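Here is the structure we will look at, set down as structure tokens.
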């Protein structure tokens, strides 16, 4: 699960799409691809990767499909990063205690 999230976020194009979705809320493929120099098919491909990682979701609105951020996917990533941070803090504290003794 974490691997999918971080692999999806490890691509500059997908990070750009996440940023656009964060700023604009639910957005169609047409709006997401506007000004990017990418085809709608390329944007869709990147959104599917992000969707597989549970970072975005889509819904139908009339004839359009709207894409938006999936907060739970980011909560998972944040929890993993927080856990790693706590481990490093504990290790750094142990090293500090060792050096000071």
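Remark: the residue 15-residue 60 segment gains 13.9 nm on full extension, using 0.36 nm per residue and subtracting the alpha carbon distance. Rounded to the nearest 10 degrees, the inclination of helix 40-52 to the longest alpha-carbon principal axis of the chain is 40 degrees.
The modelled label-to-label distance for the pair residue 23/residue 7, using points 7 Å beyond Cα in the direction of Cβ, is 2.9 nm.
Just want the ordering: 2, 61, 46, from fewest to most Cβ atoms lying within 10 Å of their own Cβ. Could the numbers behind the result be given before it?
Details: 2 13, 61 10, 46 21.
Result, fewest neighbours first: 61, 2, 46.
For the chain, adding -39500 (n - 2.57) for each run of n ≥ 4 DSSP H residues and dividing by the number of residues yields -22000 deg cm²/dmol at 222 nm.
Per residue, the average separation of C-alpha pairs within less than 8 Å and at least 6 apart gives the range 1-92 a relative contact order of 31 percent. Compute a Gaussian network model of the chain, connecting alpha carbons closer than 10 Å, and tell me which residue from 59, 91, 78 fluctuates the most. Maximum fluctuation in the GNM of the chain, among the listed residues, is at 91.
Here are several values of Rg/Rh (Cα atoms, Kirkwood Rh): (1) 1.20; (2) 0.92; (3) 1.12. Which one was derived from the coordinates shown? Among (1) 1.20; (2) 0.92; (3) 1.12, the one calculated here is (1).
Read-outs throughout are calculated quantities, based only on the coordinates presented, and are distinct from any laboratory measurement. As the structure is a prediction and not an experimental result, all values here were calculated from the model. We place every Cβ from the backbone using ideal geometry, glycine too, and count neighbours over all the protein chains shown.
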